[in-house]
Amino acid sequence: MTAMIRLARVAKTFPDGTRALKRLDLEIADGETLVLLGPSGCGKTTLLRIVAGLEMPDEPGRVFFGSEDMTALPIERRNVGMVFQSYALFPNMSVAENVGYGLRIRRELTPAKVDELLALVHLDGFGARRVDQLSGGQRQRVALARALAVRPRALLLDEPLTALDAKLREQLRIDIDRLLRSLAITAVYVTHDQSEAMALGDRIAVMQAGEIVQIGTPRDIYYQPRTAFVADFIGTMNRLRLNGAARESLFRPEDTRIVPQGQAQFSGTIASVFFLGDHTRLMVECGGTQLVTVETTQRRQFAVGERLHLAVEPGALLSL
């Protein structure tokens, strides 16, 4: 696919000497949703701000949209839409005025266009309301509609769901995914939430200390992590020395089976039981300093102190 956004030799050091980004190259395909995932301070927001034109990369770094060099252009000349965690709405304007703000600046504002955008984010009939009359989820929908109003070349989202409660995050995650797929817009999405990254990303770029340490599809990142950091950051990862091996093996909780004693690779005692509805999570003491996490769909009752015999699915063991 054609690269819609291309970063070449991009790095960022702030005036106080803080090196936020080490030099990197990155291509984002036309219509792709790329998620920048990592802990606080890893450089993901700095990278997004460089794409947006809110920060300049260190020389000789360049930012391209298609074949156009955008490096020296400010955000207002890049035709990007931005959605922030804090909504960044105008409190003195109605919902319709917020959504139509960019269209009004461009002299393209019509009530029909605003109504179409509100329908797109499931806010039909909300145009006359004040922003302070909306819930957090509704405000984020308004921010999304405003960002899309000017038909941006790229949509940039900086932790847009962090301020919302868990149920609302889940619903908006689904809505954003449907919206991005239906519009086929190029999007860069910043989050520290691995569930969001897995749900929304065509690809995920995992960042650590100013570097992209792995980039790939959600399945690649989850099942084939290249480093211990990626393995630990995405989902839950167990570490255990099996059969006297010199190195620890890594394996996922859902790849751990409860088996008869004669088929077991290791055994342990249940320390905690968490019933989660569709599955049960067991914390098992196996003689080491770390507990092993086991996830099972068995519907039987488990008890603290029960002895379990366990084996890992063939091919699911990692050694990093």
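Laboratory data are not the source of any read-out in this text; all were calculated from the coordinates shown. Here the structure is a predicted model, which is why all the values come from computation and not from measurement. Cβ placement follows ideal geometry from the backbone for every residue including glycine, while neighbour counts extend to all protein chains displayed.
Values as computed for the structure displayed
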| quantity | calculated |
| --- | --- |
| Selection from 43, 3, 66 lying farthest towards where the dipole of the range 1-70 points positive, charges on Cβ | 43 |
| In nm, spacing of pseudo-spin labels at residue 54 and residue 316 (7 Å Cα→C-beta vector) | 4.1 |
| Tensor-based shape of the range 37-184 (alpha-carbon gyration tensor, a/c under 1.5 rounded, otherwise prolate or oblate) | oblate |
| Cα gyration tensor shape for the range 258-320, rounded if a/c is under 1.5, else prolate or oblate | rounded |
| For the range 126-133, Karplus couplings with θ = phi - 60° (6.51, -1.76, 1.60), whole Hz, Gly/Pro x | 9, x, 7, 6, 7, 4, 6, 8 |
| Listed residues 314, 15, 180: farthest to the positive end of the dipole of the chain (Cβ charges) | 15 |
| Magnitude of the charge dipole, the range 1-143, Cβ model with Lys/Arg +1 and Asp/Glu -1, debye to 20 | 260 |
| Unit charges at the beta carbon, dipole of the chain: most positive-side option, 242, 216, 52 | 52 |
| Between the range 1-78 and the range 270-320, the alpha-carbon center distance in angstrom | 42 |
| Local electrostatic count, residue 187, Cβ distance below 15 Å [Lys/Arg +1, Asp/Glu -1] | -1 |
| Test item: Cα-centred dipole of the chain, Lys/Arg +1 and Asp/Glu -1 on Cβ, debye | 140 |
| Relative contact order (%) - criterion: Cα under 8 Å, at least six apart; region: the chain | 17 |
